[in-house]
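Only one structure is covered here, and it is reproduced in the block below.
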Amino acid sequence: MNTTSAPAARGLARYFPVLDWGRRYDRDALTSDMVAAVIVTIMLIPQSLAYALLAGLPPEVGIYASIAPIILYAIFGTSRALAVGPVAVVSLMTAAAVGRIAEAGSPEYIAAALTLAFLSGVFLVLLGVLRLGFLANFLSHPVIAGFITASGIIIAASQLKHILGIKASGHNLYELVLSLAEHVGSTNLITLAIGVASAVFLFWVRKGLKPLLVRFGLKPRAADIIAKAGPVFAVAVTTLLAWSLDLGSKGVALVGDVPQGLPPLTLPSFSPDLWASLFGSAILISIIGFVESVSVAQTLAAKKRQRINPDQELIGLGAANLGAAFTGGYPVTGGFARSVVNFDAGAETPAAGAYTAVGLAIASLTLTPLIAYLPVATLAATIIVAVLSLVDLSILNKTWAYSRADFIAVLVTILATLVLGVEIGVTAGVVISILIHLYKSSRPHVAEVGQVPGTEHFRNVLRHKVITHDDILTLRVDESLYFANARFLEDYIYDAVTKRPQLKHVILMCPAVNAIDMSALESLEAINERLKSSGVAFHLSEVKGPVMDRLLKSRFLDELTGQVFLSQHQAVSQLATAAAN
């Protein structure tokens, strides 16, 4: 019985990782996870409220989106430290997507946000089941970095209206700046004081509080926990001030009454028109969220020599988004800041996330009445401080120095996001990255190579002092051959042969050629015929096994005027010896 049930259990654990780590769960892991959960819960309460505000949703929706999704990820996810919930970039993308359909805060807006979470969840689960996680690779790191940087700038700009206590709107930086400039004259000075003071305090807490506490004799771990709770202090103090001084009557915007209780059971809309309006946005949010999440998960897993399964991560994140759709939330993913806090606080298993969800549920039942007097400016300051850490304009200098193509992709992504909006920005980044890749692969690097003296190695004649032969030309192509670059190779070889009337042999060195498609095969046949008519033999060397298997299925090798050599050294040695004789 044990021998038959073991494979079944392993197969089930593949889709339910909780069955794997849950079997080894012990008291030490429980203690570590509980401590991490307390710290992350304290951090997540103001953050959830703030990100719901950023998404254009009632503040309680942020807490709802942080309960069921975390529990579902703990069951289906493979990362031991990833903390799932609302994040800044996805919140901004939600606002951009849903804002086109309904007015922020309206029942239609909330229903659209639920539906967006549902569509994202379905899409992510489908990708995971079909093992299509590789599709996220089409988002290059420079594009993601540029998009997050531009999004951080837009998010910070969008929160300035709450810091100033004015009305402003816009879906891109240009619209936001114009709207802010138009209404800046009606700034509420009390709101401005609260927002600026909160932001300054939170910036100081991130860098200065922990060293100060350590200097006063507190242990580093305890000092770190207190520093992470900085936003809670800002929330508590400004809420107390707003209540005691009745700042609401002085024009300071307050959060207002927040429903007390657990997340409600909700249903997304199944309207075909709404689905059609949100489908593209759901795909973008899913892919951006997955890339951000899996990057964080892999980084944290590597620190403990653990591994994650990207395809199962898709299922875990998909389940989390489905949970959000049915419990009053909106799209979620793994957050960088809270995941790092979770890891640093000692989380051993995904159970830490489940305990965090319990803590948030308790907060939703008991603390929400206290939030009514919380100034919106405090939440805005929380968002600004959080997102400015995402802004990394140094990516422009790095890509300019390393790769001009990547620089173009980053620059286009940043400018398109800032000027045209988040969805067009990330789409432009993906499109320009693919176009640049196609352009580069359509013009593969081809090098004339010669033998390094005293060795069997062959290197580029432009980079090394090498031995060459007047009647032998060796060209190394550093790319697989397919329809887009086949004609380029033809033209390159013809030009090289035209300049060398004494040439007798052309060797195409293929160590980097992993595939040859039908178009490239036809080009090789044309090269062979053209060289034959010129009295030049065409040879191949260092052809990989799978490529050779394909060539053997064609007539090309039968018609080849030269030979296929196992190594380039063998090819040159044999041809040079034959010429000498």
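The values are calculated or read from the model by the stated rules, or taken from the named source; none is laboratory data. Computed from a predicted model, the values in this text were never measured in an experiment. Cβ atoms come from the backbone with ideal geometry, glycine included; neighbour counts cover every protein chain shown. Just the protein is used for accessible areas: all its heavy atoms, side chains included, with ligands, DNA and RNA removed. Shrake-Rupley method; radii C 1.70, N 1.55, O 1.52, S 1.80 Å.
Quick notes
- Peptide packing for 455-462, 408-415 was compared via the average number of neighbouring C-beta atoms within 10 Å per residue; ordered from the highest value, the list is 408-415, 455-462.
- Multiplying the residue separation of Ile434 and Arg206 by 0.36 nm and removing their Cα-Cα distance gives an extension gain of 78.3 nm.
- Val419/Asp470 FRET efficiency (R0 41 Å; Cβ-Cβ; nearest 0.05): 0.10
- The chain: relative contact order in percent, alpha carbon pairs under 8 Å with at least 6 residues between: 23
- When DSSP beta bridges are restricted to pairs lying wholly in the chain, around 45% turn out antiparallel.
- Here the spin labels are modelled as points 7 Å beyond Cα on the Cα-Cβ line, and at Val391 and Leu189 they lie 2.7 nm apart.
- Cα centroid separation - segment 296-314 against segment 107-186, whole Å: 25
- Compared with the alpha-carbon gap, the fully stretched path from Leu365 to Ser269 is longer by 31.8 nm at 0.36 nm per residue.
- 1.4 Å probe accessible area per residue over segment 428-488, in Å²: 58
- Alpha carbon Rg of segment 464-544, scaled by the compact-globule rule 2.2 N^0.38 Å: 1.06
- Here the sum of -39500 (n - 2.57) over DSSP H runs of 4 or more residues, divided by the residues of the chain, equals -20000 deg cm²/dmol at 222 nm, to the nearest 500.
- Whether the chain is rounded, prolate or oblate, judged on the alpha carbon gyration tensor where a/c under 1.5 counts as rounded: prolate
- Principal axis analysis of the Cα atoms in segment 160-235 yields extents of 50, 26, 16 Å, listed in decreasing size.
- FRET efficiency for Thr31 and Arg305, using Cβ-Cβ distance with R0 set to 30 Å, rounded to 0.05: 0.90
- Relative contact order (%) - criterion: Cα under 8 Å, at least six apart; region: segment 524-581: 38
- Overall, segment 534-581 carries a charge dipole of about 120 debye about its Cα centre when +1 sits on the Cβ of Lys and Arg and -1 on the Cβ of Asp and Glu, all other atoms neutral.
- Karplus 3J(HN,Hα) series, Hz, for segment 288-297 with 6.51 cos²θ - 1.76 cosθ + 1.60 (x for Gly, Pro): 4, x, 5, 4, 4, 5, 5, 5, 5, 4
- Crossing angle, helix 518-533 versus the chain [Cα axis fit, 0-90 degrees, rounded to tens]: 30
- Simple label model, 7 Å out from Cα along Cβ direction - Ala515 to Ser295, nm: 2.6
- Assuming charge only on the beta carbon of Lys and Arg (+1) and of Asp and Glu (-1), the dipole of the chain about its Cα centre is about 1420 debye to the nearest 20.
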